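Since the structure comes first, as C-alpha cells, the remarks are kept for the end.
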Amino acid sequence: MQNNFNKFANSFQAVARLELEGIKCLMKHLGNPQDSLKFIHVAGTNGKGSVCSFLQNIFTDAGYRTGKYTSPNLITVCERISVDGELISEKDINRILKDVETAANKVKEETCDFPTQFEIWTAAAFCYFKEKNCDIVILETGLGGTHDATNIIKAPLASVITTIDIDHTEYLGDTIEKIAHEKAGIIKEPLEANSFGLVVSSPQCPDAEKVLKDVCQNRKNNLIFSFLPSLTKTEDFCEIFDYTSSSGKEIKDIKCGISGFYQPQNAALAIETAFQLGIDEKHIKSGIIKSENPGRFEIISQNPTVIYDGAHNKNGMTALSQSLKRYFPSWQGATFIMAFMGDKDISGELELLKGEGLLEHSEIFAVKVKNNPRAADAIFVAEAAGKSGIAVTPYFDLKNAYIDALGTGKPIILCGSLYLYKDLDAVLKEI
C-alpha cells in the first residue's frame with residue numbers, strides 16, 4: 001500500500017478541497033505536531049514564494065533553526081519542505097509518509113473522505129519540522145487562507161499578506177474584497193489575553209486595504225504596511241535598494257538575491273516583518289542577498305538570453321513587463337514560449353503584454369504543460385489569443401518550440417505557468 005499511497009501523494013491534484021475538517025482529523029491522529037511550533041504565516045496572490053525565501057534566509061542567518069513550507073514544487077516534491085535551506089530527503093519523506101498514511105486511513109474511516117495531496121504534504125511538513133526542532137516555520141498558504149489546510153495552526157508570530165489581486169475566482173470569489181477576505185482568514189486573535197497579534201502587509205489597493213483593516217480591528221491585530229523600497233541601481237538583473245521601515249529604521253545598499261524588478265517590494269515585506277520581530281539589520285541584509293526562488297524571473301542562460309518567469313495572472317504579467325522594460329530598455333522583441341492553465345484569463349494576460357508594447361517585433365509560441373489535467377492545449381491558447389488579434393504559433397512539443405526559439409536569435413521568455421518549469425528542465429537536459 002505504501003507505494004500506492006506515495007504515488008497518490010505525488011500525483012497532481014486538479015481541484016482543491018477548501019475546508020479544515022480533513023486536516024484537523026489528520027493532524028489529530030498524528031498528535032498535532034503543529035501546536036508545538038511557531039509560525040510566520042504567509043498569504044496573498046503574488047510573491048508568496050519569494051517572501052518565504054527571504055524570510056527563511058533572514059531567520060536562518062540570525063541563528064534560528066528555520067523551516068519553510070511552500071508550493072507548488074517545480075521539479076521534485078522535496079522542494080516543498082526545507083530546514084535552513086536544506087531540502088527534505090526522499091528517505092525522510094518516505095519514512096514520514098508511512099505515519100501519515102496510517103493516520104490518513106483513520107481519517108477515511110472516520111469521515112469517509114481520504115485526505116487530499118495538499119493535506120498529506122502539509123501534515124508531513126508539520127511532522128518533519130517538529131522532528132527537526134525548528135525554532136520558527138515560514139508557512140505559505142496553498143490557496144486562499146480561511147479554508148486552506150495550513151490554517152489549522154494557532155495564532156502565528158506574524159501573519160504576512162503579499163499583494164492581493166484577482167486570481168482563482170472559482171474558489172476565492174470574483175472581487176478584490178471577497179479574495180481579500182479569504183486571504184485575511186489567516187489572521188487570528190492572539191492566544192494571550194490583553195495582547196495583540198501582528199499582521200504585516202504589502203501596500204494594497206483601497207478595497208483590499210479596507211478588508212485587512214477591518215479584520216485586524218475585529219481580531220485584535222496590529223496592522224503594519226511595508227513601504228516601497230528605493231531602487232538605486234541594477235547588477236546582473238538584480239536590484240540594489242534602500243529601505244526605511246515603519247519605525248524609521250533605514251538599511252542602505254541591500255542587494256536582492258532574487259532577480260527581477262518587482263522583487264525589492266517582496267523583500268521589503270520580509271524586511272518589515274523581520275524588523276517587527278526584532279531581527280538585526282546585518283542578518284536582514286545577509287538573508288536578502290542569499291535568497292533564491294527558481295522560476296521567478298530566473299536567468300536560465302545569458303548567452304543566449306533565456307528567462308523563465310512563472311507569471312500566471314495579470315498581476316504577474318504586469319510585474320514581468322516591468323522587469324523586461326527595465327532590463328531591455330532598447331526593446332527589440334523576444335520569443336515568448338507560453339503555457340497556461342485552462343482556467344486563466346489567457347487573452348487578458350496577452351492583451352496586457354500587447355498594451356505594454358512587448359509583443360512588437362516578438363513571436364509567441366504556445367505549448368501545453370505535460371501531465372497536468374488543468375493545462376490548456378496550445379491550440380486553445382492560440383485561439384484565445386486570436387480573439388484579441390494576437391498571433392500565436394501552437395507547438396505540440398516544448399523541445400521543438402525551444403529549438404525554433406533559439407533560431408530566432410532573440411531573447412527567449414518562458415512564462416504563463418510555473419508548471420512548465422519541469423518540462424523545460426527535461427528539455428535542457430536533452431539538448
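The values are calculated or read from the model by the stated rules, or taken from the named source; none is laboratory data. No experiment lies behind these values; they were computed from the predicted model shown. Positions of Cβ are backbone-derived with ideal geometry, glycine not excepted, and every protein chain shown enters the neighbour counts.
Among the residues of the stretch 301-321, those that are over 19 Å from the mean Cα position of the chain (by Cα) and touching a residue at least 60 places away in the same chain (Cβ under 8 Å) comprise PRO304, THR305, VAL306.
Looking only at the stretch 248-260, decide whether some residue is in a loop (DSSP other than H, G, I, E, B) and out of contact with any strand residue (DSSP E or B) (no Cβ under 9 Å at 6 or more places or on another chain). There is at least one residue in the stretch 248-260 that is in a loop (DSSP other than H, G, I, E, B) and out of contact with any strand residue (DSSP E or B) (no Cβ under 9 Å at 6 or more places or on another chain). Taking the stretch 416-431 as the range and being in contact (Cβ under 8 Å) with a residue 40 or more places away in the chain and in contact with a helix residue (DSSP H, G or I) (Cβ under 6 Å, 6 or more places away or on another chain) as the test, only ASP423 passes. In the stretch 310-347, of all residues being charged (D, E, K, R) and in contact with an Asp or Glu (Cβ under 8 Å, 6 or more places away or on another chain), the one that is surrounded by the most Cβ atoms within 10 Å (Cβ to Cβ) corresponds to LYS314.
Taking the stretch 214-228 as the range and being part of a helix (DSSP H, G or I) and surrounded by fewer than 17 Cβ atoms within 10 Å (Cβ to Cβ) as the test, the residues that pass are ASP214, GLN217, ASN218. When the stretch 267-326 is filtered for residues that are closer than 18 Å to ILE40 by Cα and of a type in the set (Val, Ile, Thr), the ones remaining, listed by number, are ILE271, THR273, ILE279, ILE284, ILE288.
Are any residues in the stretch 142-169 part of a loop (DSSP other than H, G, I, E, B) and over 27 Å from GLY278 (Cα atoms), and if so, which ones? Residues satisfying the conditions are GLY142, LEU143, GLY144, THR146, HIS147, ASP148, ASP165, ILE166, ASP167, HIS168.
Taking the stretch 230-245 as the search range and keeping residues that are of a type outside the set (D, E, K, R) and in contact with a Cys (Cβ under 8 Å, 6 or more places away or on another chain), which one is nearest to PHE297 (Cα to Cα)? Here the residue is CYS238. As for the stretch 201-208, it holds no residue that is buried (at least 21 other Cβ atoms within 10 Å of the Cβ) and over 29 Å from MET341 (Cα atoms). On the stretch given as the stretch 177-210, residues that are touching an Asp or Glu at 6+ places or on another chain (Cβ under 6 Å), under 22 Å from THR150 (Cα atoms) and either assigned by TED's automatic domain parsing to the domain that holds THR318 or assigned to a helix (DSSP H, G or I) (or both) total 1. Could you please let me know if VAL392 is modelled with pLDDT of 95 or more and within 26 Å of the chain's Cα centre (by Cα)? So VAL392 does not fit the description; no. Among the residues of this structure, LYS130 counts as one that is of a type in the set (Lys, Arg), at pLDDT 95 or above, in the same structural domain as VAL42 (by TED's automatic domain parsing) and surrounded by 19 or more Cβ atoms within 10 Å (Cβ to Cβ).
Results for (1) buried (at least 24 other Cβ atoms within 10 Å of the Cβ); (2) touching a helix residue (DSSP H, G or I) at 6+ places or on another chain (Cβ under 7 Å), shown as yes or no for each residue.
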| residue | (1), (2) |
| --- | --- |
| ASN151 | no, yes |
| ALA155 | no, no |
| SER159 | yes, yes |
| HIS168 | no, no |
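Of all residues in the stretch 362-380, none that is farther than 18 Å from LYS399 by Cβ and at pLDDT 95 or above has its Cβ atom under 6 Å from the Cβ atom of a residue that is of a type in the set (A, V, I, L, M, F, W, C) and surrounded by fewer than 17 Cβ atoms within 10 Å (Cβ to Cβ), 6 or more apart or on another chain.
Checked against (1) part of a helix (DSSP H, G or I); (2) within 19 Å of the chain's Cα centre (by Cα), LYS285 passes all but a single condition, namely (2). Can you say whether LEU191 is of a type in the set (A, V, I, L, M, F, W, C), modelled with pLDDT under 95, more than 25 Å from ASN57 (Cα to Cα) and surrounded by 21 or more Cβ atoms within 10 Å (Cβ to Cβ), as far as the supplied structure shows? No. Among the criteria (1) surrounded by fewer than 19 Cβ atoms within 10 Å (Cβ to Cβ); (2) out of contact with any Lys or Arg (no Cβ under 9 Å at 6 or more places or on another chain), the one HIS181 does not fulfil is (1).
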